[in-house]
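Here the structure is laid out as structure tokens; the discussion comes afterwards.
The values are calculated or read from the model by the stated rules, or taken from the named source; none is laboratory data. A quick note: this is a predicted structure, and the numbers were derived from the prediction, not measured. Cβ coordinates were reconstructed from backbone atoms using ideal geometry, including for glycine residues, and neighbour counts include every protein chain displayed.
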Amino acid sequence: MTGFELLAEWRSNPRTADLSVFVLTSKDLTKEEEKYIHAHAESLFRKQNAWREPLIKQLERVVTSPSLENAETLHPHRRDNQLNASCLRDWLEIEGYQVWSAADLNTSYEVFSKRLPDAVLLGYQPR
């Protein structure tokens, strides 16, 4: 399942339709892909650009907790390679976020059944 299909599935499910989704990618997106992401996600971040500080600013905007030290959950979809995913997870935890991981749609729903996250970080992997 692609990141686009995963995002479409989340948006079509009433329980997950309103999740704040942030997309992080190094993929060269087509105009249509970019348009789709902008229509269905909070923000698009490109790995080629400085994305860490803008991502934290966006997370602070949507996460319900008033401070990063007590921040709610962020759920990254780990399609990235293991080293990048591990570095990203470590960095977010250092910033005060609780991080849950899921590698596919079924696992994400398993995670969401326990508690809906405040935000989802969806990684788009180039093909």
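Could you check the stretch 14-28 and list, in sequence order, the residues that are in a loop (DSSP other than H, G, I, E, B), surrounded by fewer than 20 Cβ atoms within 10 Å (Cβ to Cβ) and in contact (Cβ under 8 Å) with a residue 24 or more places away in the chain? Spell out how you get there, then give the answer.
Initially, the stretch 14-28 is screened for residues in a loop (DSSP other than H, G, I, E, B), giving 14-19, 26-28.
Checking the rest, the ones that are also surrounded by fewer than 20 Cβ atoms within 10 Å (Cβ to Cβ) come to 14-18, 26-28.
Residues satisfying the conditions are ARG15, THR16, SER26, LYS27, ASP28.
Give just the number: which of (1) over 16 Å from LEU121 (Cβ atoms); (2) at pLDDT 80 or above does PHE22 not satisfy?
All conditions are met except number (1).
Within the stretch 92-115, which residues are surrounded by 13 or more Cβ atoms within 10 Å (Cβ to Cβ), within 19 Å of LYS57 (Cβ to Cβ), more than 14 Å from the chain's Cα centre (by Cα) and not charged (D, E, K, R)?
GLY96
Condition first: under 21 Å from SER108 (Cβ atoms) and in contact (Cβ under 8 Å) with a residue 24 or more places away in the chain. Now tell me which residues in the stretch 43-66 satisfy that. Working first, answer last.
Taking the stretch 43-66 first, the residues under 21 Å from SER108 (Cβ atoms) are 43-45, 55, 58-59, 62-64.
Matches in the stretch 43-66: LEU55, GLN58, LEU59, VAL62, VAL63, THR64.
So ALA50 fits all but one of (1) among the aliphatic types (A, V, I, L, M); (2) over 24 Å from TYR97 (Cα atoms); (3) more than 14 Å from the chain's Cα centre (by Cα); what number is the exception?
Looking at each condition in turn, ALA50 falls short on (2).
Okay, residues lined up against (1) out of contact with any helix residue (DSSP H, G or I) (no Cβ under 6 Å at 6 or more places or on another chain); (2) at pLDDT 80 or above; (3) more than 14 Å from GLY3 (Cα to Cα):
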| position | (1), (2), (3) |
| --- | --- |
| ASP18 | yes, yes, yes |
| LYS27 | yes, yes, no |
| ASN49 | yes, no, yes |
| LYS57 | yes, yes, yes |
| ALA71 | yes, no, yes |
| ARG78 | no, no, no |
| GLN82 | yes, no, yes |
| LEU88 | yes, no, yes |
